[in-house]
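Okay, so here's the structure we're looking at.
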Amino acid sequence: MNSDYESVVIVTGAANNIGLAIAKKLSTQFKVVIADIADATDVARSFHRAVSFKCDVTDPAQCAQLVEFAAQQGVLTTVVHSAAITAPATMIVDIPQDQWRRIIDVNLNGTFNLMQACIPSLQSNAKQLRNHGTSLISPSVVLITSRAAKTGFAALSNEGGATKAHYCASKAAVISLTKSLALELAQDGIRVNSVAPGPIEGDMIPKDKWDEIASRVPLKRMGKPEDIAEAVNFLVSPAANFITGHILDVNGGTLMD
Ligand SMILES: NC(=O)c1ccc[n+]([C@@H]2O[C@H](COP(=O)([O-])OP(=O)(O)OC[C@H]3O[C@@H](n4cnc5c(N)ncnc54)[C@H](O)[C@@H]3O)[C@@H](O)[C@H]2O)c1
């Protein structure tokens, strides 16, 4: 590793909304690999120091190719996993079997696939950084979970009593994985944390519900993708050097635990 290497971050789900805001924020200090199932070529061109790679996180082979691509860009030190899907609030008895499986496959199995692919590269790069004695980079992973993981209830608007049990369960599993990963990777000096957003402006929540939801948020507004990007930016920075296994709530006060 020479002294003018470029530190690389993979941001999944970065073709849109929260992932995109994270990628933009991190591009001031990293070379960013925008990884998404959607084509993000134009997105990557639109800001400084970013390249895109098309990757479906449900496919372990594509996750491995993503890591190979990232290694060609510089030194992979950081991974932010924001890609996920949701579904309309539905009573558990009415959730179609294939919808349940798809959400678990993207949100949980996708996280596992990405982590399995990234860990060897992160471990070897963290070791080399340690040998070089640099304190400018603190290798880490941030997984995006959700307030809903903790409440079992995704919506803050009236959904007639229905929840998003599959989405909530998949995101709760991401919190658990964060803690296992944090313990396993601590010996490598790699920190692993989560951010748990509350309701954020974007396509995941229909726009006609934003006002109603905002009125139920103690801070009286929906969150913005940039609110999450700021939290991630802190967690991946050396300022958070002693923080691992933490689930950071960024939710306007909708849950305090
Ligand atoms: N928007 C919210 O209110 C909210 C609240 C809590 C948590 N979150 C979480 O924040 C993250 C980002 O949410 P968002 O609002 O930006 O959602 P979004 O739907 O705007 O973006 C998700 C991105 O993930 C990508 N994606 C979907 N399936 C994929 C796959 N199989 N492989 C690779 N990429 C895939 C999509 O193409 C999209 O670009 C998600 O993890 C979500 O669960 C969002």
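Only a single criterion out of (1) crowded, with 22+ Cβ neighbours inside 10 Å; (2) in a loop (DSSP other than H, G, I, E, B) is not satisfied by Cys118, namely (2). For beta carbons closer than 7 Å, sequence separation of 6+ or different chains, a first residue in the range 77-90 that is surrounded by fewer than 20 Cβ atoms within 10 Å (Cβ to Cβ) and a second that is hydrophobic (A, V, I, L, M, F, W, C) and in a loop (DSSP other than H, G, I, E, B), the qualifying pairs are Ala89/Ala154; Ala89/Ala155; Ala89/Ala162; Thr90/Ala162.
Might you check whether a residue that is surrounded by 22 or more Cβ atoms within 10 Å (Cβ to Cβ) and either within 14 Å of the chain's Cα centre (by Cα) or at pLDDT below 95 (or both) occurs anywhere in the range 57-66? Steps first, answer last, please.
Step one: list which residues in the range 57-66 are surrounded by 22 or more Cβ atoms within 10 Å (Cβ to Cβ), which gives 57, 63, 66.
Filter once more, keeping what is either within 14 Å of the chain's Cα centre (by Cα) or at pLDDT below 95 (or both): 57.
Yes, some residue in the range 57-66 is surrounded by 22 or more Cβ atoms within 10 Å (Cβ to Cβ) and either within 14 Å of the chain's Cα centre (by Cα) or at pLDDT below 95 (or both).
Filter the range 121-141 for residues that are over 23 Å from Leu177 (Cα atoms) and of a type in the set (Val, Ile, Thr); which is surrounded by the fewest Cβ atoms within 10 Å (Cβ to Cβ)? Across the range 121-141, the extreme among qualifying residues is Thr134.
Report the residue count in the range 174-200 for those that are of a type in the set (Val, Ile, Thr) and assigned to a strand (DSSP E or B). Selection size over the range 174-200: 3. Scanning the range 1-43 for residues that are buried (at least 20 other Cβ atoms within 10 Å of the Cβ) and of a type in the set (Val, Ile, Thr) yields Val8, Val9, Ile10, Val11, Thr12, Ile18, Ile22, Val32, Val33, Ile34, Val43. For the criterion of being in contact (Cβ under 8 Å) with a residue 24 or more places away in the chain and out of contact with any helix residue (DSSP H, G or I) (no Cβ under 7 Å at 6 or more places or on another chain), Asn241 passes. Right, Asp42: within 14 Å of the ligand (Cβ to nearest atom), more than 14 Å from the chain's Cα centre (by Cα), at pLDDT 95 or above and not in a helix (DSSP H, G or I) or not? No, not satisfied. Answer with yes or no whether Ser138 is within 30 Å of Pro96 (Cα to Cα), touching a helix residue (DSSP H, G or I) at 6+ places or on another chain (Cβ under 9 Å), in contact (Cβ under 8 Å) with a residue 12 or more places away in the chain and part of a loop (DSSP other than H, G, I, E, B). Judged against the criteria, Ser138 is not a match. For the structure I just gave you, tell me whether Lys54 is basic (Lys, Arg) and more than 9 Å from the ligand (Cβ to nearest atom). The answer is no for Lys54.
The set of residues in the range 171-190 that are within 13 Å of Phe242 (Cα to Cα) and either among the hydroxyl-bearing types (Ser, Thr, Tyr) or at pLDDT below 95 (or both) is empty.
Taking the criterion of being more than 14 Å from the ligand (Cβ to nearest atom), over 19 Å from Glu68 (Cα atoms) and touching a strand residue (DSSP E or B) at 6+ places or on another chain (Cβ under 6 Å), the residues of the range 17-39 that qualify are Leu26, Ser27. Name the residue that is nearest to Ala165 (Cα to Cα), counting only residues in the range 69-100 that are within 16 Å of the ligand (Cβ to nearest atom) and β-branched (Val, Ile, Thr). Looking at the filtered set, the residue picked out is Thr86. The number of residues in the range 113-165 that are under 18 Å from the mean Cα position of the chain (by Cα) and within 16 Å of the ligand (Cβ to nearest atom) comes to 17. Of all residues in the range 201-257, those being under 15 Å from the mean Cα position of the chain (by Cα), part of a helix (DSSP H, G or I) and more than 10 Å from the ligand (Cβ to nearest atom) number 9. Applying a threshold of 9 Å to beta carbon distances and a minimum spacing of six or more residues, or different chains, the list of pairs starting in the range 41-65 at a residue that is within 19 Å of Ile85 (Cβ to Cβ) and ending at one that is within 13 Å of the ligand (Cβ to nearest atom) and basic (Lys, Arg) reads Thr58/Arg102; Gln62/Lys54.
The values are calculated or read from the model by the stated rules, or taken from the named source; none is laboratory data. What you are looking at is a predicted structure, and each value in this text was computed from that prediction instead of being measured. Cβ coordinates were reconstructed from backbone atoms using ideal geometry, including for glycine residues, and neighbour counts include every protein chain displayed.
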